[in-house]
Amino acid sequence: MLAKGPGPGQGPPMTKETDAALRPMDLALTEAEAAASRGEVPVGAVVVGPEGQIVARAGNRTLELRDPTAHAEMLAIREACRVLGSERLVGCDLYVTLEPCPMCAGAISFARLRRLYYGAADEKGGGVDHGPRIFAQATCHHRPEIYGGIGETAAAALLRDFFALRRS
């Protein structure tokens, strides 16, 4: 089942589920802030396990690791798989401050994550609600429930401020 929040910029209606999502998203925002302080694009991700426990958290490290795949989502998924001892994250949820790119969306599908919560939409590089819309493709074998716009204002501000400083 593909569940989806409202379109970009509209913010989700507050429900018990989206209100609970703000707590892990706050942790993801902390990871994004840490990434920004390292000079990385400020994106953070958190994997929450089936029992509601934080399994992994990460921020972007592409520059630090000199690895184009070291996106916050990829690092958090890898760590969660290591912690749980499985290549599948069935029953787990991913919280990320920015709409995942196509690469990360593919990893989310392969990991069999139950739900994806993201903050800011990414009209240029997104792969979920923008761009190739990975989960809508016939070749996508697993589609998580998707909730966009969770913590969107804070996530978008962090990105906007980061890039404004880069341009000045």
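Answer with yes or no whether His141 is at pLDDT below 95 and not acidic (Asp, Glu).
Numbers: at pLDDT below 95: yes; not acidic (Asp, Glu): yes.
In short, yes.
Pairs are defined by a Cβ separation below 7 Å, a sequence spacing of at least 6 or placement on different chains, a first member in the range 149-168 that is open to solvent by 50 Å² or more (accessible area, probe 1.4 Å) and of a type outside the set (Lys, Arg), and a second member that is part of a helix (DSSP H, G or I) and modelled with pLDDT under 95; no pair meets this definition.
Taking the range 132-142 as the range and being open to solvent by 90 Å² or more (accessible area, probe 1.4 Å) and either within 17 Å of the chain's Cα centre (by Cα) or charged (D, E, K, R) (or both) as the test, only Arg133 passes.
Number of residues in the range 110-124 that are part of a helix (DSSP H, G or I) and open to solvent by less than 30 Å² (accessible area, probe 1.4 Å) equals 1.
Just the residues that are of a type in the set (Gly, Ala, Ser) and either open to solvent by 10 Å² or more (accessible area, probe 1.4 Å) or out of contact with any helix residue (DSSP H, G or I) (no Cβ under 8 Å at 6 or more places or on another chain) (or both), please, taken from the range 81-106. Write out each step before concluding.
Of the residues in the range 81-106, the ones of a type in the set (Gly, Ala, Ser) are 85-86, 91, 105-106.
Residues satisfying the conditions are Gly85, Ser86, Gly91, Gly106.
The values are calculated or read from the model by the stated rules, or taken from the named source; none is laboratory data. These numbers come from a predicted model, not from an experiment. Ideal geometry is used to build each Cβ from the backbone, glycine not excepted, and the neighbour counts take in all protein chains shown. Side chains included, ligands, DNA and RNA excluded: accessible areas come from the protein's heavy atoms. Shrake-Rupley method; radii C 1.70, N 1.55, O 1.52, S 1.80 Å.
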